[in-house]
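The values are calculated or read from the model by the stated rules, or taken from the named source; none is laboratory data. Bear in mind the structure is a predicted one, so any value in this text is a computation, not a measurement. We place every Cβ from the backbone using ideal geometry, glycine too, and count neighbours over all the protein chains shown. Keep in mind that these areas ignore ligands, DNA and RNA; they rest on the heavy atoms of the full protein, side chains included. Shrake-Rupley method; radii C 1.70, N 1.55, O 1.52, S 1.80 Å.
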Amino acid sequence: MSVDGKGAWLQDLGYRFGFRRNTWVECLVTGRGEGWCGAGWTEAEALDDAIEKMFPSYASRTLLQARFGIGQSIEVLEGTPESEVAIDVAVELAADSPSTCEESGASAEESSGSGEIEDTEGVLEAVPVSVPPPRHPAALTRRVLPNEALEELADLERTILTTKNELVFATAERQRLVMLSWIAQARSLGEALPSIDKVGRIVGRIATTLGGYCKSWWPGSVRALQQAATPSDAAAEFEWERPHEFLSWAEVAERADRILNERIEEDEERGYDEYGWADEKASYPPPPDVVSLQTEVRHQLEAHAGPVGEPPSLDRAADRMISAYRSSGILALARKTRWLRRWTTEPMEWGALIGRLRWLSYQGDHRLRALGSVLSPERRGLPWAYVLGVDPNKREKQRARRKLLETLSVGDPGKDPGWPAWLVSAFDHFETRRMARLLGRRAEEIRSIEEDALLGVVDPDQRRRTRSRLKKLKEALADLPLDEESASFELEAELSKVQDITQDEEPTTDPHEALRAKVLSHTKGRRALFVSNRNDPDLKSRLVGELEFEELEWSDGSVRRSEALAEAIRKKRFDLVLLATGFQSHKLDNLLSRACRSSDIPFLRVNRGRPLAVYQAIERSLPSADRCE
């Protein structure tokens, strides 16, 4: 039957159809709340493909074969030409009086004679074969209605927006896989409904958003974000086997998710953290002042490599930066950036910093060869504080030194806190000869102190060291002249070295603790649901303790439990829902997020659920007036 005849038949049933040409021909059939897309090299092939998809079962395709000659999923006997079988089947189905089950059974009995099984050795048996339909770009497209596609795209955009502050911390490889999965999901909906302009616009918007992340974080190329890219292009870029066999974006999304899951499992077995990095232990102790350190890194990097909030400029390439700021300095900035990863409260700025460093490492300059190894996720080694020569307790030590000096200058250490306690503390902050010069005018008091007085205020394992220090201090005092003026000068000079720590200075506020305090009023006494794909009693206990939930229900998020969880959310059993399944479980994500929206319950994505990620997710959900500035 011609295209016009098939089209008229569809229209009689209440369907509309149309064609689009772009190298090959696509046909969209819609109506009665349904939508079907077919493709081929001609309009006839595209329409046939769409009609065939409207008949998903074997039985319906067989009827379709009899009606129009469309569809090839029929059983054939070995050695029988397909065309002959198609004709035979069509004739049989067109007969006015089909055989009943009883008649079929009788004829089968007659044909087999006595019913005994014949010896078929050496005889070629008849084998049922299912002839697959031709495989072309539309053969594996998703079947989805326009309203379903729009809802799924809206869910995807929300996911991208709310998880960017966690994705930024992932390794470059994970970032690329997650973004490939996201854009492939979006494009699979676009290829299923090519004539729906709104779908196309949203897919383009998602590609633009992800492209912005790539330009800031520089994880590497994701060709699928380019409009002209094909599924096989995406597969080839990631070096998947037989990339030419990837003909639909749905296939690409499924493969990206599978590989991401495999990488996460491998990294967990190797002891890497939830973002795929090996240096979690090296991140401790934390920087003494996170905000100041990140500001310092940004200013130094921007001074030589341009604003990190803008695309890198060619006139600020690696050569110019190295000439102005030696490669050793660049490596130090990279190490500080790595150290900040676990502690920063400005994730997007941190992503821009490491993105600019990655860009520098991609320039191919031999002088920056070591930069790649510093940025490598597999780098373990010594703590970053030790590598950078930073004493995380420097400020606390300065305050302790100042207090000791002020007590010596204007107070009476012999009475408060007493010479034994003062000396034991001073031994931790001053060398012996420096103490002797500071204590010159107090020499007689120090010589009169008995050893047992000091040993009584220290731990047993410190007594040997304390005994030795006291002995050396007395010897040093004996060698120095008793000059009160010199001792006063030494004391004032030592005090001037710690003038940056003033008496009225407040201790540096822990940004994490400030964030926790900010969100506590929104979690204290609340009922929360925590959905994770792993059981972690320690994390649960910590979250309950730090956020003071009245109840924290932990669920594995399995398929068996997902519908029950959604129903519990709709019944408002919880005040807050936290999803901690990383960048996986799209179906669970969509199901729970929709249930939360319908019940007006906050739904927060928190990657694997580390406390800082939870604090930040809760803080982002607050009204702007309540957020931390």
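Set side by side, the residues 408, 423 differ, and just one is among the hydrophobic types (A, V, I, L, M, F, W, C) and modelled with pLDDT under 80, which is 408. I'd like the residue in the stretch 524-578 that is part of a helix (DSSP H, G or I) and β-branched (Val, Ile, Thr) and, out of all such residues, is farthest from residue 596 (Cα to Cα). This residue is 544. Considering the stretch 257-280, and only residues there that are open to solvent by less than 20 Å² (accessible area, probe 1.4 Å) and without any contact (Cβ under 8 Å) to a residue 24 or more places away in the chain, the residue that is farthest from residue 184 (Cα to Cα) turns out to be 273. Going by what's in this entry, would residue 251 be described as of a type outside the set (Phe, Trp, Tyr) and loosely packed, with under 15 Cβ neighbours inside 10 Å? The answer is no for residue 251. Residues of the stretch 220-243 that are under 18 Å from residue 203 (Cβ atoms) and not in a helix (DSSP H, G or I): 222, 226, 227, 228, 229, 230. So, residue 293, is that one within 30 Å of residue 394 (Cα to Cα), outside any loop (DSSP other than H, G, I, E, B) and free of Cβ contacts under 8 Å to residues at least 60 places away in the same chain or not? It is true that residue 293 is within 30 Å of residue 394 (Cα to Cα), outside any loop (DSSP other than H, G, I, E, B) and free of Cβ contacts under 8 Å to residues at least 60 places away in the same chain.
Reported count of residues in the stretch 521-556, each being open to solvent by less than 30 Å² (accessible area, probe 1.4 Å), farther than 14 Å from residue 574 by Cβ and free of Cβ contacts under 8 Å to residues at least 60 places away in the same chain, is 0. For beta carbons closer than 9 Å, sequence separation of 6+ or different chains, a first residue in the stretch 415-442 that is polar (S, T, N, Q) and a second that is surrounded by fewer than 19 Cβ atoms within 10 Å (Cβ to Cβ) and not in a helix (DSSP H, G or I), the qualifying pairs are 425/417.
The residue that is nearest to residue 176 (Cα to Cα), counting only those in the stretch 244-259 that are of a type outside the set (A, V, I, L, M, F, W, C), at pLDDT 90 or above and assigned to a helix (DSSP H, G or I), is 257. Taking the stretch 348-463 and the helices (runs of 4 or more DSSP H) fully enclosed by it, the elements with 3 or more residues that are under 23 Å from residue 281 (Cα atoms) and either open to solvent by less than 50 Å² (accessible area, probe 1.4 Å) or in contact with a strand residue (DSSP E or B) (Cβ under 7 Å, 6 or more places away or on another chain) (or both) are at 369-375. For residues in the stretch 575-593 being at pLDDT 85 or above and out of contact with any helix residue (DSSP H, G or I) (no Cβ under 7 Å at 6 or more places or on another chain), which is farthest from residue 160 (Cα to Cα)? This residue is 575. Among the residues of the stretch 596-603, not a single one is of a type in the set (A, V, I, L, M) and open to solvent by less than 10 Å² (accessible area, probe 1.4 Å). Residue check: is residue 164 over 30 Å from residue 34 (Cα atoms) and part of a helix (DSSP H, G or I)? Answer is yes for this residue. Restricting the stretch 203-245 to residues that are over 21 Å from residue 167 (Cα atoms) and of a type in the set (A, V, I, L, M), the residue that is farthest from the chain's Cα centre (by Cα) is 228.
A quick yes/no check of all residues on (1) crowded, with 17+ Cβ neighbours inside 10 Å; (2) modelled with pLDDT of 95 or more; (3) not in a helix (DSSP H, G or I):
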site	(1), (2), (3)
287	yes, no, yes
301	yes, no, no
307	no, no, yes
311	no, no, yes
315	no, no, no
320	no, no, no
330	yes, no, no
333	yes, no, no
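Taking the stretch 140-161 as the region of interest, how many residues are outside any helix (DSSP H, G or I), open to solvent by 50 Å² or more (accessible area, probe 1.4 Å) and under 22 Å from residue 209 (Cβ atoms)? Residues meeting the conditions: 1. If you go through the stretch 595-617 and keep only what is part of a loop (DSSP other than H, G, I, E, B) and either among the small types (Gly, Ala, Ser) or under 16 Å from residue 168 (Cβ atoms) (or both), you end up with 606, 607, 608, 609, 610.
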